[in-house]
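Worksheet: one structure, shown below.
The values are calculated or read from the model by the stated rules, or taken from the named source; none is laboratory data. What you see is a predicted model; the values in this text were computed from it and never measured. No Cβ is skipped: glycine too gets one built from the backbone with ideal geometry, and neighbour counts run over all protein chains shown.
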Amino acid sequence: MKIIEKIETNVFPFDWVNLECYPDSKGYRTEIYLKDEDNITTNLIFMFYELFNSEKENISIYNNSWYDFTLDIFNIDSEEADYALEDKSELTKKYLQMLIEANIEPTYSGSCKCLDWDKLLPIVIDCIVLHIAPYSPLFYNEKYDFFFYFHHTGSIGFYFKEPLPYILEILNKSKNSYRSELLV
C-alpha cells in the first residue's frame, strides 16, 4: 500500500517563505519543543497529531529532492548518488521503499500527499532524529498559510503568514503542552 503519492506541484506555494534561510521569511515563527526528551520520535509523532490532527488531510509535504533525503544515498568514493537498496541503513531502505512503492522517480522535486501518516511519520522522523537525514521535508497547509518541519533535537519549527484563529489554536496548544517561544 502506498504511503504517499505525488502531487504535480514543483514549487513551494508560499512566496513569503525564504527557502534558503527560513528565519528570513516574511512571516512569524516559533519553535515548539518537547518537554520530555525521552523517545523523541514517538513524542514528535504525538506532537504532530496533537497540533495538526484536525488539518492533517490538508497538509502536503514538499522536498526539493525526495531521493536525496538521507545521507547514505551518496557514495563518498565516487561522489555520486546511489539509489539502490543495497548497502543502505535499514531506515534508508524503508524510506526508499516508500518512494518506490509510490512510483516517485529519483529526479522528483516537489510535493506529495500523505496517504498514511501512521506509516510516514516514524520513517521520516526516525531518519531525522537518528541523523540519517540532515534536514526535514517541509509540511505545509495552503488553507492556513503555514509550514513546519521536524528537528533532530525534538522540536517542530512552525512558520505562518498571519495569526489566524486556527494558528492561534496551535500556538495555545503548544504553550499548554510543550515549550514554545514566538519569534518574529
Going through (1) farther than 19 Å from TYR135 by Cβ; (2) surrounded by 15 or more Cβ atoms within 10 Å (Cβ to Cβ) one by one, PHE12 fails only at (1)
Of (1) closer than 16 Å to TYR49 by Cα; (2) modelled with pLDDT of 95 or more; (3) surrounded by fewer than 16 Cβ atoms within 10 Å (Cβ to Cβ), TYR140 satisfies every one except (3)
With the range 105-184 as the region, which strands (runs of 3 or more DSSP E) entirely inside it contain at least 2 residues that are within 17 Å of the chain's Cα centre (by Cα) and closer than 22 Å to SER89 by Cβ? 146-151
Of all residues being charged (D, E, K, R) and farther than 11 Å from TYR33 by Cα in the range 153-183, which is surrounded by the most Cβ atoms within 10 Å (Cβ to Cβ)? Just the residue, please. LYS161
For the range 1-102, which strands (runs of 3 or more DSSP E) that fit wholly inside it have 1 or more residues that are at pLDDT 95 or above and aromatic (Phe, Trp, Tyr)? 28-33, 60-63
